[in-house]
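Student: Below is one structure. I have some questions about it.
Since every read-out is calculated from the coordinates, none of them should be taken as a lab result. Note that this is a predicted model, so its numbers are computed, not measured. Note: ideal-geometry Cβ built from the backbone for every residue, glycine included; neighbour counts use all protein chains shown.
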Amino acid sequence: MRLRLERALLPDGVHRDVLISIDAEGRFAPAGASTGAERLVPGLALPGMPNLHSHAFQRAMAGSAEVASGAEHSFWGWRDVMYRFVERLTPEDVAAIAAFAYLEMLESGYTSVAEFHYLHHQPSGARYASPAALADAVRAGAQRAGIRQVLLPTLYQQGNFNGEPLKGAQRRFANDTEAFLRLCCDLRSRESSLATTGVALHSLRAVPRVALEAVAAAARSGPVHIHIAEQRREVRDSMEASGARPVEFLLGTGLVDARWCLVHATHVTAAELSALAHSGAVAGLCPTTESNLGDGRFPLDEYLAAGGHFGVGSDSHVSLDPREELRSLEYTLRAWRERRVIAVGAAMPNCGAFLYGAAVAGGAQALGLGDAGLCTGAPADFIVIDTERAEFAGVTDAALVDAWVFAPRPGALREAWVGGRPVVHDGAHPAREAIAAAYRTSVTRLVAEPAR
Ligand code: NGQ
Ligand code: ZN
């Protein structure tokens, strides 16, 4: 298929009348590679945003832990609420919630998602008849919605550093290393072009060093993700256990390279920040969740100055809009440094366009997608914005992406394409009604049912 894009965001800015082909594998190819009919795409085409960090099931509890109570108002108190919610989920619920969350992602401009999947077993900790039952459920959700999914089965073995035993909901997460590697192999043997796999270590809290090394050694290709230094308490516990801060400890293993994504590298020293940048790994930033949970703030300006790569994730899904993540990143810096227009590049002075392009590139790296953007070799994952709307009147081509990122234009996203096929048309997903109905049924039942 050949596309004639009226406007397209390329690495150096917005261009007009861009010709490109899509090959049989759903990747972009040179304009001349295809002889089929030409399809005119009016508006502005942008690369779809990879969502580098999702726990799909959390979509159904987003917004439900915003109440002051006698309990501790911290990340750890929120985690207890999440654990209570986890106790009730069935594989059917997980599939229904995931499909809806992924549909919402597509309608907001994410076209791919790394699913950091640690919910493996029944509430008692007993295995399902198929150990992949819940992994298959989130996979089915992605297929239903049509999003590209990189499934990251996640290892979880202990309650905290130093082998603290697992308790409560954590029993649903637990695997010994051997069983975990079998699950990874099984999922890998069933990959397809929109459904690939990588691997994740939940955190240094939950995975002892021997297991981390064993999994890293077994994962010879594909993405490797880990939650790293989200909370100050986590940094203190790490220091107590090993004498090293989490990022320092992980980089000290010598395992980290460009396949790695360090999610919530929030609490880092200048030395860690520069070592992380030099490792070639991606910093996985989830600004709306990190603010919501009171984690802290990431010094993106210093990290960019050191040459670091980053991408964004919706994590707990308090927002499903990639633009809100980018704005939140930049606004945190502005409030912190008391300045404006901070995240820009030497060759890209437009803040919105810079953030957007950098997060697409970093996200694609973290998902192992190969090339990124609207260029030959990259997956044909893109969105189309309707620039004919009154909201865009007077906006120059150079300012279009800034306007899209910084000044919300609700309803302007017209199409989302994944692997060369349109999955959102006229601003809506064609299966919205059915996917929403299944979500409603699951969540209504979950809320009505007393906790086990
Ligand atoms: C998670 N979420 O695994 O869902 C975590 C909370 C933990 C975030 N860190 C649980 N945002 O880290 O122990
Ligand atoms: Zn997470």
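Student: Write out the trypsin sites (Lys or Arg not before Pro) in the stretch 155-205 meeting two conditions: DSSP loop, and at most 15 other Cβ atoms within 10 Å of their Cβ.
Tutor: Numbers: sites: K167, R171, R172, R182, R188, R190, R205; in loops: K167, R190, R205.
Sites meeting the loop and neighbour criteria: K167, R190.
Student: What does the charge dipole of the chain about its Cα centre add up to, to the nearest 20 debye, if the Cβ of each Lys and Arg holds +1 and the Cβ of each Asp and Glu holds -1?
Tutor: On the way: 43 positive and 50 negative charges, 121 e Å.
It works out to roughly 580 debye.
Student: Using just the helices of the chain, give the 222 nm mean residue ellipticity in deg cm²/dmol: DSSP H runs with n ≥ 4 each add -39,500 (n - 2.57), and the total is spread over all residues, rounded to 500. Can you show the working numbers first?
Tutor: Working: 14 runs with 162 residues, N = 452.
Calculated at 222 nm, the ellipticity per residue is -11000 deg cm²/dmol.
Student: Determine the dipole magnitude for the stretch 308-398: charges of +1 sit on the beta-carbon of Lys and Arg, -1 on that of Asp and Glu, nothing else is charged, the reference point is the Cα centre, and the result goes in debye to the nearest 20. Don't skip to the answer; put the middle values down first.
Tutor: Numbers: 7 positive and 12 negative charges, 90 e Å.
The dipole magnitude comes to about 440 debye.
Student: Roughly speaking, what is the stretch gain from L19 to V210, that is 0.36 nm per residue apart minus the C-alpha to C-alpha distance, in nm to one decimal? Display every interim value, and only then the final one.
Tutor: Working: separation 191, 0.36 × 191 = 68.76 nm, distance 5.07 nm.
Computed gain between L19 and V210 is 63.7 nm.
Student: What ranking of S291, S193, S442 emerges when the number of other C-beta atoms within 10 Å of each C-beta is taken as an exposure proxy, fewest first?
Tutor: Working: S291 16, S193 12, S442 21.
Starting with the residue having the fewest Cβ neighbours, the order is S193, S291, S442.
Student: Dipole of the chain (Lys/Arg Cβ +1, Asp/Glu Cβ -1, origin at the Cα centre): which of L5, F161, A270 lies farthest to the positive side?
Tutor: F161
Student: Right, next: Quick check on the chain: of the DSSP beta bridges with both residues there, what percent are antiparallel, nearest 5%? Show your work: numbers first, answer last.
Tutor: Values: 26 of 63 bridges.
If I count the DSSP bridges inside the chain, around 40 percent turn out antiparallel.
Student: What angle, in degrees between 0 and 90 and rounded to the nearest 10, separates the Cα long axis of helix 177-188 from the longest principal axis of the Cα atoms of the chain?
Tutor: Between the helix axis and the principal axis of the chain, the angle is about 20 degrees.
Student: On to the next question. Roughly how tilted is helix 91-108, in degrees to the nearest 10 and between 0 and 90, from the longest Cα axis of the chain?
Tutor: 30
Student: Right, next: Sort C351, C286 so that the residue with the fewest other Cβ atoms within 10 Å of its own Cβ comes first and the one with the most comes last. Before the final figure, lay out each step's value.
Tutor: Details: C351 22, C286 32.
Going from sparsest to densest Cβ surroundings: C351, C286.
Student: At T444 and A217, where each label point lies 7 Å from the Cα along Cα→Cβ, what is the point-to-point distance in nanometres?
Tutor: 5.3
Student: Can you find, among H73, L19, A99, the residue sitting farthest towards the positive end of the charge dipole of the stretch 1-129, where Lys and Arg contribute +1 and Asp and Glu -1 at Cβ?
Tutor: Ranked along the dipole, the leading option is L19.
Student: Once each part is reduced to its C-alpha centroid, what is the distance from the stretch 376-419 to the stretch 224-290 in angstrom?
Tutor: Here the two parts' Cα centres lie 33 Å apart.
Student: Going 7 Å from the Cα of T90 along its beta-carbon direction, which residues of the stretch 122-141 have the amide nitrogen within less than 11 Å of the resulting point?
Tutor: Hits in the stretch 122-141 for T90 at 11 Å: none.
Student: Nearest 10 degrees, 0 to 90: what angle lies between the long axis of helix 322-337 and the longest principal axis of the chain (Cα atoms)?
Tutor: Approximately 80 degrees, to the nearest ten.
Student: If you find the alpha carbon centre of the stretch 184-199 and of the stretch 302-374, how far apart are they in angstrom?
Tutor: The two parts, judged by their Cα centres, are 28 Å apart.
Student: Calculate the dipole size of the stretch 120-221 relative to its Cα centre from +1 charges on Lys and Arg beta carbons and -1 charges on Asp and Glu beta carbons; express the result in debye to the nearest 20.
Tutor: It works out to roughly 220 debye.
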